[in-house]
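The block underneath contains the structure these notes are about, expressed in structure tokens.
Read the figures in this text as sums done on the coordinates, not as results from a lab. From a predicted model like this one, the values you see are computed outputs, not experimental measurements. Every residue, glycine as well, gets a Cβ built from its backbone with ideal geometry; the counts of neighbours run over all protein chains shown.
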Amino acid sequence: MVGSGTARCGEGGWSSGAAPDEVHGSAEESKMSRIAVLGTGEVGRTLARGLRGLGHSVCLGSRSGKAVEGWDGEAATFAEALDGAEFAVLCVKGTAAEELVTTLAPRLAGVTVLDTTNPIAEAAPTEGVLAYFTGPNESMMERLQHAAPEARFVKAFNSVGAGLMVNPSFPGGTPTMFICGDDQAARRTVAEMVAALGWDVEDMGAAAAARAIEPLCVLWCIPGLRDGRWTHAFKLLRP
């Protein structure tokens, strides 16, 4: 991660720092449910506020379970946040994600997990290009799925800054969020959630597609790390 004041992408990443405004959709349009947001950084707080704006009951989880600055809702430990939750959002640094998921694996059984993490190494970027600790034929999410095989992981929100995650607005139209995961029903659930937060959704299929989706964070961060430009997103164009 780079220092504050840049932009967080996933919570292995960056954020432009803007707070979410009103989100698309409403409590009537989105099924009420308890959601555990695992991670209290800018990405976690942003998505927690956005999901609460859709009418969901949201608990922000951390190792300590203490109150979180910038969040006035429920806070608990990671394990406590998952009590009664059927949906979770993983927003911790990639370097900590696998250990945390391994520890929480019994509680994650049957839970749909929206995975925002990126496998960003501790090494400094090279000419604005981040280093990853995964290889080209694996992904962070596949490692997490192996660590908690009964959870239902879906990759999303790993390739844009926190300030654009909720209700993004661009002159060129609605941006695209790429998702993937082995469980088709879980992908549908995440797709509905992401669309309610203001995105077009492109379902890329099974978890192996995370090998292509996760490097989008590297590409997204280059303009920011080189030139200080963090207010962009990807869009898939069709004929």
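A compact table of results
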quantity: Among ALA212, ALA85, ALA97: highest mean-square fluctuation, GNM of the chain, C-alpha pairs under 10 Å; calculated: ALA212
quantity: GNM top mover of LYS93, LYS155, LYS66 - the chain, alpha-carbon springs below 10 Å; calculated: LYS66
quantity: As computed over the range 25-122, the Cα convex hull volume per residue (Å³); calculated: 97 Å³
quantity: Count of lysine pairs in the chain with Cα separation under 24 Å (8 or more residues apart, or interchain); calculated: 4
quantity: The range 110-126 - phi-based ³J(HN,Hα) in whole Hz, Karplus 6.51/-1.76/1.60, Gly and Pro as x; calculated: x, 8, 7, 10, 7, 9, 9, 6, 10, x, 7, 6, 6, 5, 5, x, 10
quantity: Cut-off under 5 Å, modelled amide H: who pairs with VAL201 long-range; calculated: MET177
quantity: Cut-off under 5 Å, modelled amide H: who pairs with VAL58 long-range; calculated: ILE35
quantity: Around ASN137: net Lys/Arg minus Asp/Glu count, Cβ-Cβ under 15 Å; calculated: -1
quantity: Estimated 222 nm signal from helices in the chain, with DSSP H stretches of n ≥ 4 weighted -39500 (n - 2.57), rounded to 500; calculated: -8500 deg cm²/dmol
quantity: Sorted by Cβ density within 10 Å, fewest first, the residues LEU216, LEU164, LEU54; calculated: LEU216, LEU54, LEU164
quantity: Per-residue HN-Hα couplings for the range 61-73 [Karplus 6.51, -1.76, 1.60; θ = phi - 60°; Hz; x = Gly/Pro]; calculated: x, 8, 5, 8, x, 6, 4, 10, 4, x, 9, 9, x
quantity: Value of relative contact order over the range 34-227, rounded to a whole percent, pairs C-alpha under 8 Å and six or more apart; calculated: 19 percent
quantity: Residue-by-residue Karplus 3J(HN,Hα) for the range 183-194, coefficients 6.51, -1.76, 1.60, Hz, glycine and proline x; calculated: 9, 5, 5, 5, 4, 5, 4, 5, 4, 5, 5, 5
quantity: For the chain, size of Cβ-based charge dipole, Lys and Arg +1, Asp and Glu -1, in debye; calculated: 220 debye
quantity: Point-charge dipole on Cβ atoms (K/R +1, D/E -1) for the range 123-239, about Cα centre, debye to 20; calculated: 220 debye
quantity: Calculated SAXS-style log₁₀ I(q)/I(0) at q = 0.28 Å⁻¹ - the range 125-196, Debye, Cα scatterers; calculated: -1.26
quantity: Computed label-point distance, nm, for sites GLU127 and ALA105 using a 7 Å Cα→Cβ extension; calculated: 4.1 nm
quantity: Rg in Å to one decimal, and Dmax rounded to a whole Å, for the range 34-227 via C-alpha atoms; calculated: 15.6, 45
quantity: Antiparallel %, DSSP beta bridges [both residues in the chain], to 5; calculated: 15 percent
quantity: Förster radius 22 Å - calculated FRET efficiency between ILE222 and ALA195, Cβ distance, rounded to 0.05; calculated: 0.20
quantity: Top positive-direction residue, dipole computed over the range 34-227 with Cβ charges, set THR134, LEU90, THR117; calculated: LEU90
quantity: Cβ-Cβ FRET estimate between GLU202 and ALA67, R0 fixed at 41 Å, reported to 0.05; calculated: 0.65
